[in-house]
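Let me begin by presenting the structure, written as structure tokens, before commenting on it.
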Amino acid sequence: MISALTLLLLAADVPYTKVDEVDGVLIESRPVEGSKVVELRLTTTTDRTVKSLCAAAFGNGKFDPEESDLKARTILSESENERVTYDHISPPMVANRDYAVRARRVFSDDGSCRMFFSAANDLAPPLPEGWVRIQKLTGVWQFEPAGPGKTKITYVIHSDPAGAIPPFLVEGTRRKIALKWMKLMISRGAPS
């Protein structure tokens, strides 16, 4: 199985292109080989602490009503810094989706923290009839000290919704959801 870190490293030679900047968050994208949708990278700086932001990104694994389109979540396995959950989502205008996702949190000696996540559908229960399983899901939250009282946040996400959805219908929604995630993480972090 290829880890999220490996996929990110393999794609490292393809440059990002600026898409937008909203409320101090830089949004960039780059193509992903074999996918009809792009990988997004969002970056910003905040006065929230690395530790609190990393805790917010890792979460508690339980159902979170603030997550876009999330209808159900089950914890499949859990340890201090790794968790696998199984999610049901109901996005607007398309069939229901499901996926299992592995989240892994890593603290570094330099004071930074990364939370990697990727599809772990080999651990998911059988696909419910009439549902579409999301196969391509990988990303990372990175929180780094950026000077006194500041943290640099980088959020990288590649998620292909699967099915027959044309990319031009997906990209705007994916950017809005990624920006919403960034703002949600900042709001859940503790000030320095």
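Computed from the coordinates by the stated procedures, all read-outs in this text should not be read as laboratory data. Only a predicted model underlies this, so the values are computations on that prediction, with no experimental measurement involved. Quick reminder, even Gly has a Cβ in these numbers, built from the backbone with ideal geometry, and neighbours come from all protein chains shown.
Summary value for the stretch 29-188: 26 percent relative contact order, contacts being C-alpha pairs under 8 angstrom separated by 6+ residues. Annotation for residue 80 and residue 164: the two label points, set 7 Å from Cα along the Cα-Cβ direction, are 5.0 nm apart.
Stretching the chain fully between residue 90 and residue 70 yields a gain of 6.5 nm (0.36 nm per residue, less the alpha carbon separation). Sequence-ordered 3J(HN,Hα) estimates for the stretch 38-43 from the Karplus curve with 6.51, -1.76 and 1.60 and θ = phi - 60° stand at 8, 8, 10, 10, 10, 9 Hz, glycine and proline given as x.
Using Cβ point charges alone (K and R +1, D and E -1), the dipole size of the stretch 131-183 about the Cα centre works out to roughly 160 debye.
The equivalent ellipsoid of the chain has semi-axes of 26, 20, 16 Å, largest first, where each one is the square root of 5 times an eigenvalue of the Cα gyration tensor.
Taken along the Cα-to-beta-carbon direction at a fixed 7 Å, the label points for residue 22 and residue 171 span 1.5 nm. In order along the stretch 74-80, the Karplus-derived 3J(HN,Hα) couplings, from 6.51 cos²θ - 1.76 cosθ + 1.60 at θ = phi - 60°, round to 10, 7, 8, 7, 7, 9, 4 Hz, and Gly and Pro are given as x.
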